[in-house]
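First up is the structure itself, then whatever we jot down about it.
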Amino acid sequence: MPPLPTTPDDLYPSIKRRLDDIESFQLPRLTKCGSVGLQRELAEEIKGDLELIRRSVEVCPSYVKS
């Protein structure tokens with residue numbers, strides 16, 4: 001397991017990687033899929049990744065305060 005980030009700069013690569021994946025892979029896959037069940041599954045995957053990004057961004061201010 002990678003070490004925990006210690007500064008906001010440590011979080012940036014992970015956040016960027018997730019956002020790039022959503023934009024370049026997940027959203028195109030979702031827009032091209034036909035099955036409603038699969039659309040729901042893919043949308044949940046995107047929501048989960050966005051939630052992880054949200055949490056990472058929320059953690060950033062706590063580093064600035066310390």
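Points worth noting:
- Beta carbons closer than 8 Å, at least 6 apart along the sequence or on distinct chains, pair a first residue in the stretch 4-19 that is at pLDDT 85 or above and of a type outside the set (D, E, K, R) with a second that is part of a helix (DSSP H, G or I) and open to solvent by less than 90 Å² (accessible area, probe 1.4 Å) for 14/56; 15/53; 15/56; 15/57; 19/53.
- Comparison of 44, 58, 23 shows that the only residue that is in a helix (DSSP H, G or I), open to solvent by 60 Å² or more (accessible area, probe 1.4 Å) and modelled with pLDDT under 85 is 58.
The values are calculated or read from the model by the stated rules, or taken from the named source; none is laboratory data. What you see is a predicted model; the values in this text were computed from it and never measured. For neighbour counting, all protein chains shown are included, and Cβ atoms are generated from backbone atoms with ideal geometry for every residue, glycine included. These accessible areas exclude ligands, DNA and RNA; they are computed on the full protein's heavy atoms, side chains included. Shrake-Rupley method; radii C 1.70, N 1.55, O 1.52, S 1.80 Å.
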